[in-house]
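First up is the structure itself, then whatever we jot down about it.
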Amino acid sequence: MIETKTQAATKSEGLKVVTDVVCPFCGTLCDDVKVVLDGNRIVDTMNACIIGNEKFKSAQAGHRVMQPLEREEGTTQFTPVSYDYAVEKAAQILAKAKRPLFYGWSSTSCEAQEVGNELAEVCRGVTDNTATVCHGPSIMAIQTVGAPQCTLGEVKNRADLIIYWGCNPIHAHPRHMSRYTIYPRGFFTERGFDDRTLVVVDPRPTDTAKQADIYVQVEQGKDYEVLDALRTATRGEDIPDVVGGVPKAQIVQLAELAKTKKFGLLFFGMGVTQTIGKHRNIDIAISWVADMNKYTKFSLIPMRGHYNVTGSGQVMCWQSGFPFAMDFSRGYPRYNPGETTSNDLLRRGEVDAAMVIASDPGAHFPVSSMKHYAKIPTIALDPHYTPTTGVSNIVIPSTMVGVEEEGTAYRMDNVPIRCRKVIDGPEGMLSDEEVLRRILARVKELKGLPAGQGH
């Protein structure tokens, strides 16, 4: 037997392997990763995908922020400062603001999210997560019509029909197909790949589509029409010869195929949530899945991106009843996507300070939003240098959850998983939770509130 480089390395003196590590990259939250350590240094990973491997190794990459920074007014130059100074400046900014924005949350722990939402309440600000620019429409649709959902474990053990609609897991969730959907052998799917049918619906022939048994090439922005036609065909009613670029025969074929299966799963991504129709696309998708349950067992699961964006929505709901875009400016939680969502607030210039936590709107928000961000007092809490840290007034580094810090995260199917600590963070570096607790305590002092009291 020829040993791999990793297997040989693990036999070297001084190296050890940490098993059952949870990967803190995407919403799949793979929990079978092995991390090879040389002392306090990550040497390699096993079982992780290429992106997960890079996430672990980024803990020691050169683009880590190693100490708090303050940007000199009117320049792009930063001056190193202490944690105490950075916390004080951040607290001063937030305490003085009339309506601050707290954005991000999806790449940190539920424990940090809980403290951050309390901070937003005390500051009478708006707290919003990255769902606002990805699966917010999914959440809105689920609130409207409900959703027949299940766990990824049920998918692995039972599903014999997998539909990926508007997503490309081979690139975005590289181990999703191998761990849960197409390739693993399940309790009722003992032959793995041979017991399942893969359908991909996408405007482009993606790498995932190339592996499909059936590829449906929908016209860009016509997902609602095709889903509506699929729902109509499922009921046995007539549909036009071509809908959204898809021939009638193919839509009818998919409807009839779905009825013959024992357990079907519809996974959908941003190709559906962020195209024309948005939450109405998901509304009709849920309605079709509900219809399918008259013939067989059928569920759907959104392909959530950041490893704890699902957790952020869960924590916000525990605390206020709303999953994102939560506005405390009136002294009580309010939720109105389109009004209280981050991009809308920034574009309209309605916030007078901002704090970004474990996210990078500078790389993803439109220029119109970031122009206002650059004009107001801002704080960035992040382990790495990003476009956002480059235009923030105060930059506070933190340890990485799931690598240098323990923490709870929610998988895309709403299952909570405890992330492990693998190595120690840089000496003296604080966690997101600790930084937020310190800022919260100081803001309460500045506002004259008792330690345990919000608005």
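The values are calculated or read from the model by the stated rules, or taken from the named source; none is laboratory data. Note that this is a predicted model, so its numbers are computed, not measured. As a convention, Cβ positions derive from the backbone with ideal geometry for all residues, glycine included, and neighbour counts pool all protein chains shown. Note: accessible area is taken over every heavy atom of the protein model, side chains too, but ligands, DNA and RNA are not part of it. Shrake-Rupley method; radii C 1.70, N 1.55, O 1.52, S 1.80 Å.
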With 24 Å as the limit, write out which pairs from Lys55/Lys421; Lys34/Lys421; Lys89/Lys447; Lys222/Lys261; Lys16/Lys55 have Cα-Cα distances beyond it, or answer none.
Lys222/Lys261
Going 7 Å from the Cα of Glu445 in the Cα-to-Cβ direction, what parts of the range 114-142 have a backbone nitrogen less than 19 Å from that spot?
116, 119-120, 122-123
What's the local net charge at Arg179, with K and R +1, D and E -1, over the other residues with C-beta under 13 Å away?
+1
Quick one: if you stick a label point 7 Å off each Cα along the C-beta vector at Lys262 and Val18, how many nm between them?
4.0 nm
For the Cα atoms of the chain, what angle does the longest principal axis make with the long axis of helix 83-96, in degrees from 0 to 90, nearest 10?
80 degrees
Taking Lys248 as the anchor, which aspartates and glutamates have their alpha carbon closer than 16 Å to its alpha carbon, excluding any fewer than eight residues away along the same chain?
Glu219, Asp223, Glu225, Asp228, Glu237, Asp238, Glu256
Work out, step by step, the length gained on full extension between Gln67 and Tyr85: first 0.36 nm times the residue separation, then minus their alpha carbon distance; give nm to one decimal.
5.3 nm
Once you keep just the Cα pairs under 8 angstrom separated by 6 or more residues, what percentage relative contact order results for the chain?
23 percent
Solvent-accessible area of Phe263, probe 1.4 Å, all protein chains present, reported in Å² to the nearest ten, please.
10 Å²
Express in Å², to the nearest 10, the accessible area of Thr79 obtained by rolling a 1.4 Å probe over the protein heavy atoms while all chains stay in place.
60 Å²
What does the accessible area of Val422 come to, in Å² to the nearest 10, when a probe of 1.4 Å is used?
20 Å²
What lysines could a cross-link reach from Lys262, if we take a straight Cα to Cα line under 23 Å and drop same-chain neighbours fewer than 8 places away?
Lys156, Lys294, Lys297
Low-density loop trypsin sites (Lys or Arg not before Pro), the range 109-194, at most 11 other Cβ within 10 Å, DSSP non-H/G/I/E/B, are Arg191
Relative contact order (%) - the range 136-302, alpha-carbon pairs under 8 angstrom, separation at least six
31 percent
Debye log10 I(q)/I(0) for the chain, one point scatterer per Cα, at q = 0.07, 0.10, 0.11 Å⁻¹:
-0.39, -0.77, -0.91
Cα gyration tensor category, rounded, prolate or oblate, for the range 43-123 with a/c compared to 1.5
oblate
Roughly how many Å is it from the Cα centre of the range 283-354 to that of the range 27-54, as a whole number?
30 Å
